[in-house]
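Down below is the structure, laid out as structure tokens.
Derivation of every value follows stated rules applied to the coordinates shown; laboratory data play no part. Everything quoted here is computed from the prediction, not taken from an experiment. All Cβ positions, even for glycine, are placed from backbone atoms using ideal geometry, and neighbour counts span all protein chains on display.
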Amino acid sequence: MVRKRIRDPDPEILPEAPADNDSGSDDDVDMVNVEFEWFNFKPDIDFHGVKSLIRQLLDVDSQLFDVSALADLILSQTTLGSTVKVDGEETDPYAFLTILNLREHKEKKVIKDLTEYIVAKAKSEPTLKPVADLLSSSAEVGLILAERLINVPSEIAPPMYSMLIDEIEAAVEDNEPYEFTHYLIVSKTYHEIASALDQEEAPKSKKNKASKGSKEIFYFHPEDEVLQKHTLAFGSYDYTKDEGEGMADSKRAFSDMGVKPQGSMLLIEAAKFEGAIKAISEYLSPPQ
């Protein structure tokens, strides 16, 4: 169930999410009904949960930032952005989404560090050059951060984004600094690489094929694939920190290949943002 605060008087209904429960039989599958609820940020409740999700979002490069300071800044915006929970407001969030005004907070060290990081990564990828250019200009860029636990269904994303649009409109009406020219979403993708675990036993032909890996981009957040079609700029980049040997294999899931995560950015012009959110709502809507 989508249920959130005063600014959202008409709750929408999100289908209850099924989950597999291993009962010991391949033929018997139990269904677990889950009700998701949307809430404002609560600093005294959400700090550790949001901090953990930020670390998950930024992956190994979260070590480069003061994640506690970033969580505090996010939680200070209690009427902008959302958490998603299952067992009531007093529990840890399963997901969050927020937006930060990079210009408004440019003197805060964590935003300085994050902006420098974003510019450096954008300069490293030709497709992301517009990001670096914008952040060096007078453009008003809203940085969107969104993450959820791995088993949380992607259908929770469209309501979070739709609520954000409404909240930004309300904030602008109240003369708050959220009138953006562009939205920058920091997210993550991955591609498959050859697994070191199977190389010794694999025949030579298979080794040669596997060693090339795959450059096809996969999305941790399915909505990013739709949002990409509405972007001014999109690209993935390698993390600064080294995961360490064997980490790609540890992230294998039902695949013979290893998984190499990367950071990604999606830059969307303000005039196209609402249409992009409508598109992901249509894409992720469950069948009638």
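Too long at a 27 Å Cα-Cα cut-off: which of Lys51/Lys106; Lys85/Lys272; Lys85/Lys121; Lys112/Lys229? Numbers along the way, then the final one.
Working: Lys51/Lys106 20 Å; Lys85/Lys272 29 Å; Lys85/Lys121 33 Å; Lys112/Lys229 29 Å.
Correct reply: Lys85/Lys272; Lys85/Lys121; Lys112/Lys229.
Report the Rg/Rh value for the stretch 37-143, based on alpha-carbon coordinates and the Kirkwood definition of Rh. Present the calculation step by step, with values, prior to reporting the outcome.
On the way: Rg = 14.8 Å, Rh = 14.8 Å.
Checking Rg against Rh, the ratio lands at 1.00.
Using the alpha carbon gyration tensor of the stretch 56-112, what are the three equivalent-ellipsoid semi-axes (square root of 5 times each eigenvalue), largest first, in whole Å? Let's see the in-between values first.
Details: eigenvalues 99, 46, 15 Å².
So the equivalent ellipsoid measures 22, 15, 9 Å along its semi-axes.
Loop only per DSSP, at most 14 neighbouring Cβ atoms within 10 Å: give me the GluC sites (Glu not before Pro) in the stretch 66-123, ordered by residue number. List each step's numbers first, then the result.
On the way: sites: Glu89, Glu90, Glu104, Glu107, Glu116; in loops: Glu89, Glu90, Glu104, Glu107.
Sparse-neighbourhood loop GluC sites (Glu not before Pro): Glu89, Glu90, Glu104, Glu107.
Which of the peptides 41-49, 173-181 is most tightly packed, and how do the rest follow, going by the mean number of other Cβ atoms within 10 Å of each residue? Let's see the in-between values first.
Numbers: 41-49: 16.3, 173-181: 14.0.
So the peptides 41-49, 173-181, ranked by packing, come out 41-49, 173-181.
Give, rounded to the nearest 20 debye, the magnitude of the charge dipole that the stretch 52-127 has about its Cα centre when Lys and Arg contribute +1 at Cβ and Asp and Glu contribute -1 at Cβ. Spell out each step's value before the answer.
Details: 9 positive and 13 negative charges, 82 e Å.
With Lys and Arg at +1 and Asp and Glu at -1, about 400 debye.
Residues of the stretch 71-99 with backbone nitrogen within less than 17 Å of a virtual label 7 Å along the Cα-to-Cβ line of Tyr283, please, listed as ranges.
none
What trypsin sites (Lys or Arg not before Pro) does the stretch 72-151 have in DSSP loop regions with at most 14 other beta carbons within 10 Å?
Values: sites: Lys85, Arg103, Lys106, Lys108, Lys109, Lys112, Lys121, Lys123, Arg148; in loops: Arg103, Lys106, Lys108.
Loop-located and lightly packed - Lys106.
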